[in-house]
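Working notes, structure below.
The values are calculated or read from the model by the stated rules, or taken from the named source; none is laboratory data. These numbers were taken from a predicted model, which means no experiment stands behind them. Here the Cβ positions follow ideal geometry from the backbone for every residue, glycine too, while neighbour counts run over all protein chains shown. Quick note on the areas: whole protein, heavy atoms, side chains included, nothing else; ligands and nucleic acids left out. Shrake-Rupley method; radii C 1.70, N 1.55, O 1.52, S 1.80 Å.
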Amino acid sequence: MKPNSKSGALSRRAAIQSVLGIAATGTMLLPKTSYAANPAPFQAYGKVKITKLETFLVKPRWIFLKIHTDAGIVGLGEPLLEGRALTIQTAIKEVEPYLVGKDPRAVVHHWQAIYRHAFYRGGPILTSALSGIDQALWDIKGKLLGVPVHELLGGPTRDRVRIYGRASNAEDMKKRKAEGYTIIKTGVAKKNPANIVENPAFIKYASDNFASLREAGGPEMDIAIDFHGSVPQQTSKVLIKELEQYQPFFVEEPCQAQNVDTLVDIARGTHIPIATGERIFTKWGFREILEKGAASIIQPDLCHAGGITEGRLIAGMAEAYYIPIAPHNPMGPISLATGLQLAASVPNFLVQEQVTLGEGYLKEPFKLQKDGTVMVPTKPGLGVELDEDALKDKIGHDWKNPESYNALDGSVVDW
């Protein structure tokens, strides 16, 4: 039978309409399969299952997460959002029904499901909760396989990680130098919050303090300075010019993060490296910063930006622009362990922030080496174990964000 018969043509037309979802009236419809109510979930594993998610408020302002499994393996994470601890705990509980009963080893699949099944994607709450979960899942996967997380990401690119301490004055600088630090970070010295346009006295006070740090640290000490997004860009540009003579290692957050073009303007006006990223979430948030050259150092926070999974992708994007990462981390020892694992697995790492090496939190705290580094953890997973006895007096906190106001008129200012 020849295919050009009337019945054959109708059959072919019906088949094409069925495939393309085109009704007889010519209206385009989605295929019926697009409306499947309960499609089969991804099933690559099945021998290990998540049993529960457990969070703890930990002093001074942190959240620790434990993801339990029926294999007896527990994964650790830090799903932190400063000043919104109870909100993050609630977000974790909302995600828990999805994870319980599933195999923890499909880490990237779970990241995609948690992120994309939320109709309103991204933002600090979802990605902070997701970040801690992601960290814990990688910890479980590494423990199940008996290897550190960086081995799962391609193996080590380094065996030690440079970290920085903090100093606000010359005396602090001398202490950090004696401890072995080769880089510190400071803030902008000021008597009152910065006005939109500041006078020479404000600029001189901040600059003189930085000069005292440079003198105490010497030319070999690297000194970064954090504007914390609290110095208006009109004043930031003037202050950066004054600080250039002391060669800061980088200037961090010289303005707020919402308007990337403002950051571009500041970056083009100085030869000092500009760093930003602690308030940027996921690869999509960093895309515009990289494309526009708004910073020459990026600082994804692995407790906010999407965890290890997303941090590795952000680092890869930055590498294409010859930009290093310096992960933001004013948090706890689980966050530090996460940063060290990422630092060990990427080529474009610069320096790691930290406020604790884990004393009083970890059974084996990290140790500052004589060269200002800590060694990359080599134990399975994130490579750390909580000291439950030492933690007993640190459970619970009610930390709140500072509330800052202009001394002259009481108006709200950034802290």
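So the values come out like this:
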quantity	calculated
Segment 354-367 residues that are on the phi > 0 side of the Ramachandran plot, paired with ones that are open to solvent by 20 Å² or more (accessible area, probe 1.4 Å) and not β-branched (Val, Ile, Thr) (beta carbon under 8 Å, 6 or more apart)	GLY358/GLU364; GLY358/PRO365; GLY358/PHE366; GLY360/ASP387; GLY360/ALA390; GLY360/LYS394
Helices (runs of 4 or more DSSP H) fully within segment 129-245 counting 2 or more residues that are more than 21 Å from PRO333 (Cα to Cα)	170-179, 200-217, 233-243
Cross-chain or 6+ apart pairs with Cβ under 8 Å, segment 120-145 first and touching a residue at least 60 places away in the same chain (Cβ under 8 Å) and farther than 8 Å from GLY77 by Cα, then open to solvent by 20 Å² or more (accessible area, probe 1.4 Å) and aromatic (Phe, Trp, Tyr)	GLY122/PHE281; GLY122/TRP284; GLY123/PHE281; PRO124/PHE281; THR127/PHE281
Residues located in segment 398-415, provided they are open to solvent by less than 40 Å² (accessible area, probe 1.4 Å) and not hydrophobic (A, V, I, L, M, F, W, C)	SER404, ASN406
Failed item in (1) under 24 Å from the mean Cα position of the chain (by Cα); (2) open to solvent by less than 20 Å² (accessible area, probe 1.4 Å); (3) of a type outside the set (Val, Ile, Thr), with LEU391 passing the rest	(1)
Extreme residue, farthest from GLY358 (Cα to Cα), among residues of segment 380-410 that are polar (S, T, N, Q) and assigned to a loop (DSSP other than H, G, I, E, B)	ASN406
Test for ILE196: is it more than 27 Å from PRO327 (Cβ to Cβ), in contact with a Leu (Cβ under 7 Å, 6 or more places away or on another chain) and touching a residue at least 24 places away in the same chain (Cβ under 8 Å)	no
Which numbered condition GLU278 misses (of (1) in a loop (DSSP other than H, G, I, E, B); (2) in contact (Cβ under 8 Å) with a residue 60 or more places away in the chain; (3) of a type in the set (Asp, Glu))	(2)
Matching residues, segment 266-281, being over 19 Å from ILE223 (Cα atoms) and open to solvent by 10 Å² or more (accessible area, probe 1.4 Å)	ARG268, GLY269, ARG279, ILE280, PHE281
First in segment 288-300 and farther than 16 Å from PRO254 by Cα, second anywhere and outside any loop (DSSP other than H, G, I, E, B) and open to solvent by 50 Å² or more (accessible area, probe 1.4 Å), Cβ under 7 Å, 6 or more apart	LEU290/MET317
Only listed residue being of a type in the set (Gly, Ala, Ser), open to solvent by less than 40 Å² (accessible area, probe 1.4 Å), over 25 Å from ALA129 (Cα atoms) and at pLDDT below 95, chosen from ALA37, ALA23, ALA14	ALA23
Given (1) touching a Gly at 6+ places or on another chain (Cβ under 7 Å); (2) buried (at least 17 other Cβ atoms within 10 Å of the Cβ); (3) over 20 Å from LEU336 (Cβ atoms), index of the condition ILE92 fails	(1)
Among residues of segment 282-298, those that are open to solvent by 50 Å² or more (accessible area, probe 1.4 Å) and not charged (D, E, K, R), counted	2
